[in-house]
Structures are given as structure tokens and as C-alpha cells.
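Everything below concerns the one structure shown next.
Each value in this text was obtained by applying a stated rule to the coordinates, not by laboratory testing. Given the structure is predicted, the values throughout are model-derived calculations rather than measurements. Heads up, the Cβs are rebuilt from the backbone with ideal geometry, glycines too, and the neighbour counts pull from every protein chain shown.
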Amino acid sequence: MKLHCEVEVVSRHLPALGLRNRGKGVRAVLSLCQQAPRTQPRPRAGGERGGRHHACLFISTLKDKLGTRYELKENIEQFFTKFVDEGKATVRLKEPPVDICLSKANSSSLKGFLSAVRLAHRGCDVEAPLLTFTPVKTSEFEKFKTKMVITSKKDYPLSKNFPYSLEHLQTSYCGLARVDIRMLSLKNLRKLDLSHNHIKKLPATIGDLIHLQELNLNDNHLESFSVALCQSTLQNSLRSLDLSKNKIKALPVQFCQLQELTDLKLDDNELIRLPFKMGQLTNLRFLSAARNKLPFLPSEFKNLSLEYLDLFGNIFEQPEVLPVIKLQMPLTLLESSARTVLYNRIPYGSHIIPFHLCQDLDTAKTCVCGRFCLSCFIQGTTTMNLHSVAHTVVLVDNMGGTEAPVVSYFCSLTCYVNSCDMLM
């Protein structure tokens with residue numbers, strides 16, 4: 001029984017000696033084997049515990065293929081498995097006093113391996129067959145591949161899995177119509193490039209790739225980006241997203257929950273609007289949404305602080321002279337209660353109030369005064385020089401313009417009157 005992962009063996013004596021471990025694991029193969037007979041000695045750690053050949057642990061590395069042996073029977077002080085779903089665990093041995101720290105393992109393989117180690121510690125029979133240890137071959141360490149680039153259909157693996165240790169996977173020009181489910185088990189992925197395929201829909205389980213920082217979906221057939229992805233663990237990890245050359249007409253309001261984004265490409269889609277809470281993407285530095293169908297920008301766009309902005313080739317409209325008035329006095333009960341909930345930041349969710357009310361609250365407009373409005377507001381349009389939000393601006397048209405219309409909302413007539421100078 002074997003497990004491929006990164007291993008760091010930490011001596012618990014080091015702190016007492018004023019020393020520190022280097023804190024970095026090495027690629028290794030862990031083998032659960034029968035204890036080798038005395039006539040075939042192996043490098044070992046810990047003492048012999050009897051004549052019977054119990055299961056023991058061998059840790060082999062590229063530099064030490066023969067491996068180091070650790071006794072297991074009644075020799076484990078504690079298991080640390082809080083992060084086992086992330087492919088991490090620690091086994092604390094009694095003799096020698098070391099912590100065996102495992103990382104970058106396949107989570108399901110790790111769970112099975114730890115179960116077998118527990119049985120060996122108790123002196124029970126391990127369900128998996130145990131073989132006599134043999135030195136690990138160099139080819140075993142090729143499974144630790146961290147980067148794979150596939151740029152043709154003929155090179156795409158159909159019969160074997162992707163190496164579980166991959167951190168960067170590119171499968172471009174492979175004719176994929178959907179995301180391969182095998183990719184979703186690569187828990188160490190940091191960069192996933194699926195550009196130049198025929199993918200129409202993204203599975204919500206992409207959000208389970210907790211370390212994913214870069215996602216390239218350029219030149220596919222996507223028509224949407226789901227709410228489920230926006231509310232997944234991608235909120236905490238995703239830094240770069242390329243959705244250019246697709247068929248997306250709108251992004252959900254929840255898209256702005258991906259607040260770690262620094263680089264966003266939306267070129268050559270069919271966007272008729274940007275999420276009106278765009279200003280919540282406070283880490284965004286590079287934004288490209290050229291050649292879409294944007295008539296105006298949302299009011300919160302003014303809150304962005306970009307290094308690079310490209311909005312060339314959109315159908316920006318001239319600001320309306322007259323405002324759109326949707327005020328109603330007195331306010332409806334729905335409008336009044338919604339404003340109260342949002343202004344006082346009262347938590348809400350579909351487990352508390354009906355789902356359609358959650359959607360109403362999620363899509364509430366923000367007045368220039370900072371308050372909120374649902375369906376009772378005044379809407380006005382003004383122009384904004386894009387240099388006010390970005391250091392480098394690509395001209396929005398062939399006439400050399402750097403201005404674009406921005407729609408603004410006002411929760412009351414007072415707010416509108418006080419802001420009339422801005423709309424002139």
C-alpha cells in the first residue's frame with residue numbers, strides 16, 4: 001500500500017536544542033509493508049519490537065530510494081487530521097520522537113492510508129495486502145508532476161487520470177464540450193487553463209478547488225457565470241479570471257463577491273451591463289471589457305482603483321437630459337423595510353425570509369448618499385472621465401475619447417436636488 005505526497009519529518013528535540021526545522025516538505029513515497037526480515041536490514045528509525053513481522057512504514061525519497069523505516073505497532077502518540085480534506089495530516093510517533101507531516105496528498109488516498117496506519121498501530125491486520133518492501137523506482141516520483149500543458153486533442157488523456165499533484169493544468173484546443181470531472185479532484189490546482197474549447201456551462205464543483213488562483217476560459221461557448229461559483233471558495237482564492245470571447249450577456253450581482261480578483265478579462269462577449277456593485281471589487285487592478293454592448297457603467301464603478309482599463313468598442317449612449325423618476329410617497333412597506341435591513345446591515349438569508357426577498361435585497365441600488373433603494377428612486381446619467389478610476393486607459397472610441405456614461409441612483413428628491421450639479 002503506497003501514498004504519494006510531500007513529507008517533512010520534524011524532530012521534537014529540535015526546539016529544546018534551540019534549532020528550527022527547515023519547514024519544507026520533500027516529495028516522497030510512503031509504503032506500508034511487512035517488516036523486513038533481519039537478514040535483509042534496511043535503514044531504520046526506532047527499535048525492533050518482536051519476532052513477528054508487523055506492518056511498518058517506509059518513507060522513500062528521490063535521494064533515498066531505499067527508504068527509512070518506522071515501527072508502527074503501539075508506536076503512534078497522536079494523529080492530526082483537521083486538514084485531511086486538503087490532503088494534509090501529521091502522524092506523531094513515540095520512538096523516535098518525530099512528527100511525520102504529510103501534505104499535497106490525494107485526500108481520499110490519504111484517508112485510506114491513515115486508516116491502514118491506525119490498524120497497524122493497534123496491531124490489527126491491515127485489509128490491504130502487505131508486500132515485502134522493495135526500493136522505490138525513479139519512475140514513481142514522476143507522479144509528482146506539478147504542471148501539464150496539453151494543446152491538441154490527440155494528446156488529451158482518455159484512459160488515465162491526471163497526476164493528482166498538478167498545480168498548473170492547461171488543456172487548450174482539445175475540443176472539450178464540458179469540464180472533465182477528473183480535473184475537479186485535483187485539489188492542489190492553482191492555475192486552470194481551459195481556453196479555446198467548446199465549453200457551454202461550468203460545473204459548480206469548480207468552486208471546490210480551494211487553491212485555484214487563475215482560471216482561463218477564453219474562447220469558449222459560455223453564456224453565463226453561475227451564482228454558485230460566485231459564492232464558493234473562489235471568493236477567497238481566485239485572483240485572475242479570463243472570460244473573454246464567450247457569449248455572456250450579463251454577470252450576476254453576486255459576481256462582486258469574488259473580492260480577491262485583481263485581473264478580470266471580459267472582452268468580446270455580449271455584455272449589456274456590468275454588475276452594479278462593481279465597486280466592491282476593491283482589489284481589482286486590471287479590467288478589460290472591450291467590444292461588448294455596454295450602454296453605460298454602473299454608479300459604483302467610480303469606486304474602483306485600477307492600473308489598467310480597456311472599454312474600447314462598446315455602444316456607450318449619450319447621457320439622458322431628463323431623469324427617470326420612480327419615486328413613490330409614502331414608501332411601500334416592502335421598500336421601507338428593505339431600506340432598514342440594508343442600512344442597519346441586518347443579516348438575512350433564504351433560511352430567514354423568502355428567497356425572492358433575498359434577491360430583491362441583493363439587487364438594491366445604492367444612492368449617492370450611501371443609502372439604499374429598492375424600486376423607489378430617481379435615475380440619472382452623467383459622464384465620467386475614466387482616468388479618475390484608472391492610471392492607464394485605452395481610448396473608448398476611434399475619436400480619442402476617455403469618457404463614458406455612468407448611471408446614478410437617488411433615494412429621494414432631496415438627494416437628487418443636492419446632486420444636480422453632478423448631472424449637468
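Working ranking of peptides 328-340, 284-296, 108-120 by packing, defined as the average number of other Cβ atoms within 10 Å per residue, highest first, is 284-296, 108-120, 328-340. Sorting 233-239, 56-62 by their mean Cβ neighbour count within 10 Å, with the most densely packed peptide first, gives 56-62, 233-239.
Quote the charge dipole size of region 145-270 about the Cα centre in Debye, to the nearest 20; the model charges only the Cβ of Lys and Arg (+1) and of Asp and Glu (-1).
Values: 17 positive and 14 negative charges, 99 e Å.
In debye, rounded to 20, region 145-270 gives about 480.
For the cross-link pairs LYS104/LYS160; LYS249/LYS277; LYS88/LYS153; LYS73/LYS187; LYS201/LYS365, which exceed 25 Å when the distance is taken from alpha carbon to alpha carbon? Violating the 25 Å limit, Cα to Cα: LYS88/LYS153; LYS73/LYS187; LYS201/LYS365.
Amide H contacts of MET384 (H built 1.01 Å from N, in plane; Pro and chain starts excluded): ALA404, VAL406 sit under 5 Å, all sequence-distant by 5 or more or on other chains. Sequence-ordered 3J(HN,Hα) estimates for region 282-294 from the Karplus curve with 6.51, -1.76 and 1.60 and θ = phi - 60° stand at 5, 8, 5, 10, 10, 10, 10, 9, 6, 6, 10, 10, 6 Hz, glycine and proline given as x. Net charge of the neighbourhood of ASN398, taken over other residues with C-beta under 15 Å away and scored Lys/Arg +1, Asp/Glu -1, is -2.
Residue separation of ARG12 and ARG92 scaled by 0.36 nm, minus their Cα-Cα distance, works out to 27.8 nm of gained length. Count the net charge of all other residues whose Cβ sits under 9 Å from the Cβ of ARG285, scoring Lys and Arg as +1 and Asp and Glu as -1. Result for the neighbourhood of ARG285: -2.
Of the options (i) 30; (ii) 48; (iii) 36, only one is percent of Cα pairs over 35 Å apart as computed from these coordinates, and that is (ii).
Using all pairs of distinct alpha-carbon atoms, the Kirkwood hydrodynamic radius of region 230-289 works out to 11.6 angstrom.
How far, in nm, would the chain grow between ARG122 and ASP64 when pulled straight, counting 0.36 nm per residue and subtracting the alpha carbon separation? Before the final figure, lay out each step's value.
Values: separation 58, 0.36 × 58 = 20.88 nm, distance 2.84 nm.
Value of the extension gain: 18.0 nm.
FRET efficiency for the pair GLU307 and GLN78, taken as 1/(1 + (r/R0)^6) with r the Cβ-Cβ distance and R0 = 60 Å, rounds to 0.80.
Karplus-based coupling profile of region 168-182, in residue order and whole Hz: 9, 10, 10, 10, 9, 6, 9, x, 5, 9, 8, 6, 5, 4, 5, with θ = phi - 60° in 6.51 cos²θ - 1.76 cosθ + 1.60 and x standing for Gly or Pro. A Förster radius of 60 Å combined with the Cβ-Cβ distance from THR363 to ARG182 puts the calculated FRET efficiency at roughly 0.95. Quick check: the distance between the Cα centres of region 301-357 and region 76-96, to the nearest angstrom? Here the two parts' Cα centres lie 49 Å apart.
Nearest 500 deg cm²/dmol is fine: what mean residue ellipticity at 222 nm does the chain get from its DSSP H runs of n ≥ 4 alone, each adding -39,500 (n - 2.57), divided by its residue count? After summing the helix terms and dividing by the residues of the chain, the value is -3500 deg cm²/dmol.
Segment LYS249..ASN418, full-extension length gain: 57.4 nm, with 0.36 nm per residue of separation and the alpha-carbon distance subtracted.
In order along region 78-86, phi translates into HN-Hα couplings of 6, 10, 10, 10, 4, 10, 5, 5, 9 Hz, rounded to whole numbers, per the Karplus curve 6.51 cos²θ - 1.76 cosθ + 1.60 with θ = phi - 60° and x for Gly and Pro.
For the pair ALA228 and SER337, label points projected 7 Å from Cα toward Cβ lie 3.0 nm apart.
For region 145-270, what number results from the quotient of the Cα radius of gyration and 2.2 N^0.38 Å? List each step's numbers first, then the result.
Working: Rg = 13.7 Å, N = 126, 2.2 N^0.38 = 13.8 Å.
This ratio for region 145-270 stands at 0.99.
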